[in-house]
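Colleague: First, the structure itself, so that you have it in front of you.
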Amino acid sequence: MMTPPGRLPRRQFLRATAASAIATSLAGTTGLSAGISDQRQHHATLMAGDLTAVVGDNSADGEHREGYNGVWSLRHASGARNVFVPAVAGLNLEHIVTGEHLDDRDTFFEPRNAPMSLRQISDTEAELHQPPTPTFHVESWSRFRLSAPHYLDMVFRCVPREPVFPRGYLALFWASYINAPSDKSMYFLGGLDGQQDLWTQFCTQWHNDQSTVRHRDDTFEMTFAEGSRDALFKNDSRLRFDQPFFYGHFDDLVWLVMFDRSSGIRLTHSPSGGGINTALRSSNPAWDFQFLVREPEVNQEYGFHIRTALRPRCSRQELLAEVDKWNAGR
């Protein structure tokens, strides 16, 4: 389809409309002129303990592709490679979900397409800010911090700026594209109805197959526009989780993801969401999660905190000790 004269293609339009907001934000916090937006920092390398992470916005740089944000790279000192698929990212803010506007690709992936700004706070901390997005009008801040020996924290905050939630909910979705692990599974404590706090291995057979695990007490049913595209967040598993964490194996490491709450958190898996690693002849699974807000209010802040641990493989008892330590310290 040709673009009408004088009108930018949709993706360029989304970037152009938010560029002035980003430049204004930078000017307000640094004292620099709006022109600094052309030279602004798009990614930052953070280091602490055994970890090195690259946090970045939606821009392209080297092998990292345009349209993926969050943690571009996460490496452990004892590991040989990036946990996340190098061309994409982990803890990538992927979707804003209201049940509407699912069939337009740019809107379906609105957080990946709408501009962001990066602010490096220190050698161990950086924050991404996304001004209100064009369709869903959600403003957000994602602050990442590394701490010794092996922790990566993310504190997420968002504010809906317009009442565009006709189905009574706002859901945000994060994707972590894992770099061809031999074990594609996520593990958590949960089970089927009547099975509580069992160690559960979760590995879906194909994309969009029973992909989302809700908490044991989560009874909310998201609704969607009739006939709209399929998606990971539309397909629920019979499994339920009882405690808000999961882990997965990566080479000789384990990646543990802990949430500060169960309410509103949903875990999601795809065996192939990150594409194929042709060199290893292996798929890149997606270890994802969602944050659901019921009856969101305009200009009300919502958010949560997660801590991830990337460490050499260990017993489940040691992983539970990590969870207990974090819960005790909050």
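Every number in this text was worked out from the coordinates using simple rules, so none of it is lab data. In this text, all values refer to a predicted model and were calculated from it rather than measured experimentally. Here Cβ is always computed from backbone atoms with ideal geometry, including for glycine, and neighbour counts include all displayed protein chains.
Colleague: Take the alpha carbon gyration tensor of region 287-330, find the square roots of its eigenvalues, order them as a ≥ b ≥ c, and report rounded if a/c is under 1.5; if not, report prolate when a/b exceeds b/c, else oblate. Kindly include the intermediate steps, with their values, before the conclusion.
Modeller: Details: a/c = 3.63, a/b = 2.36, b/c = 1.54.
It is prolate, given that a/c is not under 1.5 and a/b is the larger ratio.
Colleague: Still on this structure, please answer the following. Please state the shape class of region 231-330: rounded when a/c is under 1.5, otherwise prolate if a/b exceeds b/c and oblate if not, all from the C-alpha gyration tensor.
Modeller: On the way: a/c = 2.13, a/b = 1.18, b/c = 1.81.
Cα axes put region 231-330 in the oblate bin.
Colleague: Here's another thing I want to ask about it. Mean separation of Cα pairs under 8 Å and 6+ residues apart, divided by the residue count of region 194-330: what relative contact order is that in percent? Before the final figure, lay out the partial values.
Modeller: Details: 202 pairs, mean separation 33.2, N = 137.
24 percent.
Colleague: Sticking with this one: What list do you get for ASP104, ASP193, ASP236 if you sort them by fewest beta carbons within 10 Å? Before the final figure, lay out each step's value.
Modeller: Details: ASP104 12, ASP193 9, ASP236 17.
In increasing order of surrounding Cβ atoms, one gets ASP193, ASP104, ASP236.
Colleague: Take every DSSP beta bridge with both residues inside the chain and express the antiparallel ones as a percent of the total, to the nearest 5.
Modeller: The antiparallel proportion sits near 95 percent.
Colleague: Same structure, new question: Hey, if you put +1 on the Cβ of every Lys and Arg and -1 on every Asp and Glu Cβ in the chain, which of GLY227, THR107, GLY274 ends up farthest toward the positive end of that dipole?
Modeller: GLY274
Colleague: Turning to a different aspect of this structure: Evaluate the relative contact order of region 45-329 (contact order divided by residue number), counting alpha-carbon pairs under 8 angstrom at least 6 apart; express in whole percent.
Modeller: On the way: 735 pairs, mean separation 53.7, N = 285.
This gives 19 percent for region 45-329.
Colleague: In debye to the nearest 20, how big a dipole does the chain give about its Cα centre with +1 on each Lys and Arg Cβ and -1 on each Asp and Glu Cβ? If you can, show how the numbers build up before the last one.
Modeller: Values: 33 positive and 39 negative charges, 77 e Å.
Rounded to the nearest 20 debye, it is 380 debye.
Colleague: Take the chain, connect every pair of alpha-carbon atoms lying under 10 Å apart with a spring to form a Gaussian network, then pick out the residue of ALA286, ALA60, ALA126 with the largest mean-square fluctuation.
Modeller: In the Gaussian network model the winner is ALA60.
Colleague: Among (i) 1.30; (ii) 1.02; (iii) 0.97, which is the computed Cα Rg over 2.2 N^0.38 Å?
Modeller: (iii)
Colleague: To continue, here is another question. Return a whole-number percent for the relative contact order of region 39-187, with Cα pairs under 8 Å and 6 or more residues apart as the contact set. Could you put the intermediate results ahead of the total?
Modeller: Details: 336 pairs, mean separation 36.2, N = 149.
For region 39-187, the relative contact order is 24 percent.
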